[in-house]
Amino acid sequence: MKPGGPRIACVTAAPEKRDFLKAALHALRPEFYPSAAAFLGQCPSPVSRLAVLDQALPDMSGRDLAAALRREISASSLLLVLLGGPRSSPAEISLGLENGADDYFDFPPEPGLFRARLLNLLARGRGASLPPPPGEFRFGGLVISPEARTVAVGGKALNLTALEFDLLAYFLRTQGRVISRSVLLEQVWKGGTDPGPRSVDKRIEVLRSKLGPAGAAIRTVFGLGYIFKI
């Protein structure tokens with residue numbers, strides 16, 4: 001991608017998805033790639049801040065492409081959005097998020113909501129959101145580095161999205177307090193397009209899974225929300 005080019009990359013071979021993305025994101029100057037290989041071959045320049053990945057690519061799934069990108073140092077700040085089928089199962093969505101997607105949409109999403117959610121992601125970015133607690137933090141075998149925005153276990157980095165890191169950082173900052181879903185939406189999602197309480201639950205479910213045994217520190221308080229206790 002050339003300097004001054006598009007901020008959004010769209011990876012899809014499906015004409016109907018290409019047409020939708022052209023119309024919904026025209027003001028964001030999207031650039032299109034017909035396959036994972038085509039995107040990886042030119043990817044990603046610093047100009048690309050966000051990539052929309054079709055789950056049904058001809059050479060690999062969007063989920064696998066997301067996982068591959070998360071292993072690339074040059075793509076560490078790239079926001080990833082998966083575009084699935086008309087009725088993705090909860091398991092498919094969870095797998096997409098676990099593989100590094102920052103958001104997941106069934107196709108076709110409502111254009112205005114889709115554009116607003118992407119703009120909210122761009123505003124937050126993968127590296128500039130809630131200020132995490134100072135200093136390195138260790139618990140349950142995890143090593144959390146707020147400045148580098150990394151989490152590692154046994155010397156191996158965990159694949160957290162920006163939002164998942166923000167959730168963990170917020171829980172560290174408020175440990176011992178019961179936090180409602182509405183407060184999490186306000187403080188972590190930062191008042192952007194409201195994804196709803198169920199999305200909060202799903203994100204926390206994925207975060208717990210990624211943290212392994214340490215994820216048990218994020219406890220559900222029935223009828224109230226969540227509490228982080230080590």
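The values are calculated or read from the model by the stated rules, or taken from the named source; none is laboratory data. Computed from a prediction, not measured in an experiment: that's the story for all the values here. FYI the Cβ positions are ideal-geometry reconstructions off the backbone, even for glycines, and counts take in every protein chain you see.
One table, with the values for the structure above:
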item: Residue within the range 117-126 that is farther than 20 Å from Asp54 by Cα, modelled with pLDDT under 80, in contact with a helix residue (DSSP H, G or I) (Cβ under 7 Å, 6 or more places away or on another chain) and assigned to a helix (DSSP H, G or I) present; result: yes
item: Cross-chain or 6+ apart pairs with Cβ under 8 Å, the range 156-179 first and in the same structural domain as Ser209 (by TED's automatic domain parsing), then assigned to a helix (DSSP H, G or I) and of a type in the set (Ser, Thr, Tyr); result: Ile179/Tyr170
item: Residue within the range 176-184 that is crowded, with 17+ Cβ neighbours inside 10 Å and in contact with a strand residue (DSSP E or B) (Cβ under 6 Å, 6 or more places away or on another chain) present; result: yes
item: Residue within the range 204-227 that is at pLDDT below 85 and closer than 22 Å to Asn99 by Cα present; result: no
item: The range 20-38 residues that are farther than 22 Å from Arg63 by Cβ, paired with ones that are part of a loop (DSSP other than H, G, I, E, B) (beta carbon under 9 Å, 6 or more apart); result: Leu28/Pro6; Leu28/Arg7; Arg29/Gly5; Arg29/Pro6; Arg29/Arg7
item: Strands (runs of 3 or more DSSP E) contained entirely in the range 1-100, each with at least 2 residues that are under 30 Å from Arg198 (Cα atoms) and at pLDDT 85 or above; result: 8-11, 50-54, 79-83
item: Residue list for the range 65-83, restricted to those being under 18 Å from Tyr33 (Cβ atoms) and among the small types (Gly, Ala, Ser); result: Ala66, Ala67, Ala68, Ser74, Ala75
